[in-house]
Amino acid sequence: LFDFDGTLTTRETFVDVLRACTPRWRIAAGRAVLAPCVLAYRAGRLSAGGMRAVASRVAFAGRDAAVVRARMRDAAFDVLPALECPAMLARLHAHRDRGDRVVVVSGNYEWLLAPWCDAHGVECLASRLEIRAGRLTGRYDGAQCAGTHKAERVHAHVDVGAFDRVHAYGDTAEDDALLALAHVRTFRGQPM
């Protein structure tokens, strides 16, 4: 079980993805809306999940779902490779190559990570965007795949108890529930 941002990458990719998938005029207009939220986030009054929810709403509300999906797929191959962490990617490939079932579990967008995971031959559990009549609402479809929801998504997808040994990799407190599922836990590249 691998977290993505900050674990398989050298840093969070959320802002990079928003920039790649959002028209410039919307980014400019969104700065005014997001500025107080960014300050609240930096002051610890708004969680990372809350910040992602607000930013997603500003970036995607009312947009054509097919267009955003195509841009995220492009970003999977145009933006993400430069941000990959070689050491952790090697661990992911080592697990995959020895026949382990490998699942990336992330709060980032499914439309971004599913193509990346497919290219690496691993499974993907990630946050989904809500669509109505072909347009994005700007909200998540269900909970963000972060915090305790990571463990819930894993349990709904995999019978963890069927495995003799489960490994999990993460880098923030949002990964604690994911790490708790494992026999072998790695936090920020170090065994726990």
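The values are calculated or read from the model by the stated rules, or taken from the named source; none is laboratory data. Note that this is a predicted model, so its numbers are computed, not measured. Glycine also receives a Cβ, built like all others from the backbone with ideal geometry; neighbour counts cover every protein chain displayed. Ligands, DNA and RNA are stripped out before the accessible areas are found, and what is left, the full protein with its side chains, is counted by its heavy atoms. Shrake-Rupley method; radii C 1.70, N 1.55, O 1.52, S 1.80 Å.
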Charge dipole of the stretch 60-188 about the Cα centre (unit charges at C-beta), most positive-ward option of 160, 129, 104: 129
Linear extension gain, residue 40 paired with residue 155, 0.36 nm per residue minus alpha-carbon span: 38.1 nm
Net length gained if the chain between residue 10 and residue 25 were fully extended (0.36 nm per residue, minus Cα distance): 2.6 nm
Average accessible area per residue (Å²) across the chain - probe 1.4 Å, nucleic acids and ligands excluded: 50
Per-selection Rg to Rh, the chain - Cα, Kirkwood hydrodynamic radius: 0.97
Rg/Rh for the stretch 140-186, where both radii come from Cα atoms and Rh is the Kirkwood radius: 0.98
Whole-angstrom Cα spans of the stretch 1-48 along principal axes, big to small: 37, 28, 15
Any cysteine of the chain lacking a neighbouring Cys Cβ under 4.7 Å - listed by number: 21, 37, 85, 145
Calculated [θ] (222 nm, deg cm²/dmol) that DSSP helices of n ≥ 4 give over the chain, each run adding -39,500 (n - 2.57): -14500 deg cm²/dmol
Dipole moment magnitude, nearest 20 debye, the chain about Cα centre, only Lys, Arg, Asp, Glu C-beta charged: 780
Residues of the stretch 58-93 with amide N under 16 Å of a point placed 7 Å along Cα→Cβ from residue 128: 65-66, 69
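Contour minus end-to-end for residue 47 and residue 164, with contour as 0.36 nm per residue of separation and end-to-end as the Cα-Cα distance?
The span from residue 47 to residue 164 would gain 38.6 nm if fully extended.
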Label point at residue 118 placed 7 Å out along Cα→Cβ; residues across the stretch 70-92 whose backbone nitrogen lies under 17 Å: 70-81
